[in-house]
Amino acid sequence: MIIDTANPSNVVSAFGLVWPDALRVHGSVIRIAFPPVLFMTGYGVGIAFLIKAHPEYAISLTVMSLISLVLSLLLVFRTNSAYDRYWEGRKIWQDLKVSSRNLIRSIWVTVMEKSMDDCTLKRQSLKNIAAFVISVKHYLRGEDGLEYADYDGLLSPEFRIQHSTRSAVGNYGTIPASGNNSPEASTGDGLFYQAQRIPEGWERSGETSLPTQLLYELQKFAEHIQDNHLIHVQYYASLLTSINSLATLVGSCERILSTPIPLAYRIHLHHALYLYLLVLPWALDFKSVPKTVVIQFVVSFMMIGIDCISREIQNPFGYDANDLPLDDYCESILIELNFALNNRAPKAITIEEEEDTMQNPVTVVKVGGGSAPQGAMATDAGGN
């Protein structure tokens, strides 16, 4: 199954026909841009009739050409800044996928199982990695708690009890995109909820986040296998490096969300944009009202649309059509996890015919598996 379904084509299929993107509404900024465009067009109609009745009020179009050049530079910088955040988010999530896959594979292959507890802890650590990726998705969307269906079969009962006994954590607002076309999102069982919004420059404070708590669990597992001589020294060091890289990637996502576009720049851009559109009808052909209306509409739609696109893509972790498909990225990690849970690891103990999955517990019947070369095992803190 292909998870990353980004389509570079400029066509979309609907009703058995192939439609170009120019005729596509879903995913566009039409619904966001329509109210201000309609207002500016109506304003242009009024000014067109005024100039037709009083031609002496018209201004030179040359002045507008100079202003449009400056405005274009502002819009280009705004769009590039927003897309940089979108593209950085995509790169971070690709690194997160690769690091998680590598960590699952490394634990599955290199960690030995000498007892039932070792087997249980190893398989739970694999599930914790997938749960970590899913928790990052919810964390970036501002969704606290463990009640989401994609945690089912991943988190241990002990961890859930531990989490529930901590102080209650409120939902601090999801972060889809800045536009107004966020669809209602399905929870998978027929229930729907509307994504909340928070201001730009979000910064989480208070209780330790769920991704960080799961990183603590992975670190504890790493120390357990090191203390019990279940992993080679070089593999143990690599394991710690991988866990630290996951924490770094979460911090990179937080940097995108907690760094707003400078307020002064946004205010000045909007001042320049709407001042330009307010002055534009005074410089158009006052002899033809329909021509003035059409030009005002087209220019307003193009420039306001560019600004709306920038607001749509600057926070790429939500539910909008223009956001990253985080659910698909998490699904790719679950595929990796299912492979590990449904195949016997090289250094695993023997289990019954029913293999472990994300729903079935492990039943150990015999201890076995590989052993490390003499002198190659990691030593404990005391050097034993």
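Laid out as a table, the results:
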{"item": "Residue 246 modelled with pLDDT of 90 or more and within 21 Å of residue 68 (Cα to Cα)", "result": "no"}
{"item": "Qualifying residue in the range 258-269 (condition: closer than 22 Å to residue 101 by Cα and not basic (Lys, Arg))", "result": "no"}
{"item": "Selection count where residues are among the hydrophobic types (A, V, I, L, M, F, W, C) and either more than 20 Å from residue 248 (Cβ to Cβ) or surrounded by fewer than 23 Cβ atoms within 10 Å (Cβ to Cβ) (or both), scope the range 118-142", "result": "3"}
{"item": "Qualifying residue in the range 32-43 (condition: closer than 30 Å to residue 234 by Cβ, of a type in the set (Gly, Ala, Ser) and in contact (Cβ under 8 Å) with a residue 12 or more places away in the chain)", "result": "no"}
{"item": "Matching entry among 222, 237 (being surrounded by fewer than 16 Cβ atoms within 10 Å (Cβ to Cβ) and small (Gly, Ala, Ser))", "result": "237"}
{"item": "Residue in the range 108-117 that is under 21 Å from residue 249 (Cα atoms) and assigned to a helix (DSSP H, G or I) present", "result": "no"}
{"item": "Close pairs (8 angstrom Cβ cut-off, 6 or more residues apart or separate chains): modelled with pLDDT of 90 or more in the range 202-216, β-branched (Val, Ile, Thr) and part of a helix (DSSP H, G or I) anywhere", "result": "211/136; 211/250; 212/250; 215/243"}
{"item": "The range 259-274, residues that are at pLDDT below 90, surrounded by 13 or more Cβ atoms within 10 Å (Cβ to Cβ) and assigned to a helix (DSSP H, G or I)", "result": "265, 266"}
{"item": "Unique residue being of a type outside the set (Asp, Glu), within 27 Å of residue 101 (Cβ to Cβ) and buried (at least 21 other Cβ atoms within 10 Å of the Cβ) when the list is 346, 316, 325", "result": "316"}
{"item": "Residue ID - modelled with the lowest pLDDT, chosen from residues in the range 135-168 that are under 24 Å from residue 120 (Cβ atoms) and of a type in the set (A, V, I, L, M)", "result": "161"}
{"item": "Contacts under 8 angstrom Cβ, first residue in the range 100-117 being of a type in the set (Gly, Ala, Ser) and surrounded by 23 or more Cβ atoms within 10 Å (Cβ to Cβ), partner modelled with pLDDT of 95 or more and not in a helix (DSSP H, G or I), 6 or more apart", "result": "none"}
{"item": "The range 217-258: number of residues that are in contact (Cβ under 8 Å) with a residue 24 or more places away in the chain, in a helix (DSSP H, G or I) and of a type outside the set (A, V, I, L, M, F, W, C)", "result": "13"}
{"item": "Matching option when the condition is of a type in the set (Lys, Arg) and either within 28 Å of the chain's Cα centre (by Cα) or in a helix (DSSP H, G or I) (or both), among 311, 344", "result": "311"}
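Every residue, every condition in (1) of a type outside the set (Ser, Thr, Tyr); (2) farther than 15 Å from residue 287 by Cβ; (3) modelled with pLDDT of 85 or more; (4) not in a helix (DSSP H, G or I), yes or no:
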{"position": "34", "(1), (2), (3), (4)": "yes, yes, yes, no"}
{"position": "37", "(1), (2), (3), (4)": "yes, yes, yes, no"}
{"position": "40", "(1), (2), (3), (4)": "yes, yes, yes, no"}
{"position": "46", "(1), (2), (3), (4)": "yes, yes, yes, no"}
{"position": "49", "(1), (2), (3), (4)": "yes, no, yes, no"}
{"position": "65", "(1), (2), (3), (4)": "no, yes, no, no"}
{"position": "73", "(1), (2), (3), (4)": "yes, yes, yes, no"}
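The values are calculated or read from the model by the stated rules, or taken from the named source; none is laboratory data. The model shown is predicted, which means the values in this text are computed figures rather than measured ones. Counting neighbours? That spans all protein chains shown, and the Cβs are built from the backbone with ideal geometry, glycine included.
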